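Participant: Dumping the structure here so I can ask a few things about it.
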């Protein structure tokens, strides 16, 4: 490849990060995508050696030496490059030898999306397992004293003198009602672990239609629910009620987030089904998977909680319990699947992946 055929200005337009190195292995050019990826301007990158940008950059130095020795013309290599005080970069590095003694090497850096996806899924599974243990332990620790508090309040109410009953009875009723509210919360936390997994043939479109009817009944005006179904998706073995609850929790959250748009009549919720091929979920490769999207045109999830939305008791809505998405993720994981989320203002997309036979 001859650099006379390369326009460095043209490289500015590429979405992938590109570095051109001089004969001393120093950066002679970095396009805007490289500046974004490396979080540094070209002014700061210029004349630095790429290996010096990373804690473990020796491998880059070695590849550059191989390029100068003409041991290859093009080389691709996956790397995890560590940076001091920042997240490591998981990259596919493509190194090309150029027929130009002044600018002998071009490096193209691509974030390794597949590896990033696997890491996200692994974190989700670890988080979900930790959540389960936390929820079980916390719920049992709350449940026992809660029963005692409620019982004591009832006994106290029975022992109150009649002339104090009206005045003090209000306080005991507050204790009893709040104890009942906490009991309901604990029951919801324990629900996925108590209820038996009832397996049968599941048609995902029956699940979606059930959810749609429930959302329409609660939000009859101002919300348009679009259906974009692939009717060729086969039935699969699963717990229909759990999946209805999982999809309903997500769709209901979305409808509540659309409250402002519902008032103006331009709220949209889309249920989309597709078949995904060659999908990896929790490090297991599946030939086919259900690819269900629940999309809304609401304000989006606040960035500060986006990475924690599946944690229990984390909610972006005032008055929310923060349990809906936690339970949804638990139910989907019991089907060997996973829920992913992509959100920005005007577009939030929850994607459910479940293996198909």
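No value in this document is a laboratory result; all are computed from the given coordinates. Remember, it's a predicted structure, so these values are computed and weren't measured experimentally. Note that we place each Cβ from the backbone using ideal geometry, even for glycine, and neighbour counts take in every protein chain shown.
Participant: Measuring from label point to label point, each 7 Å out along Cα→Cβ, what is the residue 263 to residue 159 span in nm?
Facilitator: Distance between label points: 5.0 nm.
Participant: Using the 10 angstrom Cβ neighbour count as an exposure proxy, how do 149, 250, 262 rank, fewest first?
Facilitator: So the residues, fewest neighbours to most, are 149, 262, 250.
Participant: What FRET efficiency, computed as 1/(1 + (r/R0)^6) with R0 = 51 Å and r the Cβ-Cβ distance, is obtained for residue 227 and residue 111, rounded to the nearest 0.05?
Facilitator: 0.90
Participant: At 7 Å along Cα-to-Cβ for each site, give me the label-to-label distance between residue 252 and residue 23 in nm.
Facilitator: 7.1
Participant: What is the distance, in nm, between label points placed 7 Å from the Cα along the Cα-to-Cβ direction at residue 149 and at residue 70?
Facilitator: 8.0
Participant: Still on this model: Give me the number: length gained by fully extending residue 58 to residue 174, i.e. 0.36 nm times residue separation minus the C-alpha to C-alpha distance, one decimal in nm. Let's see the in-between values first.
Facilitator: Values: separation 116, 0.36 × 116 = 41.76 nm, distance 6.65 nm.
Gain in length upon complete extension: 35.1 nm.
Participant: OK, next. Given axes a ≥ b ≥ c from the Cα gyration tensor, I'd like to know whether the stretch 1-111 is rounded (a/c under 1.5), prolate (a/b larger than b/c) or oblate.
Facilitator: Judged from the Cα gyration tensor, the stretch 1-111 comes out oblate (a/c at least 1.5, b/c at or above a/b).
Participant: If packing is taken as the average count of other Cβ atoms within 10 Å, what order do 231-240, 70-79 fall into, highest mean first?
Facilitator: 231-240, 70-79
Participant: What FRET efficiency, computed as 1/(1 + (r/R0)^6) with R0 = 30 Å and r the Cβ-Cβ distance, is obtained for residue 277 and residue 14, rounded to the nearest 0.05?
Facilitator: 0.60
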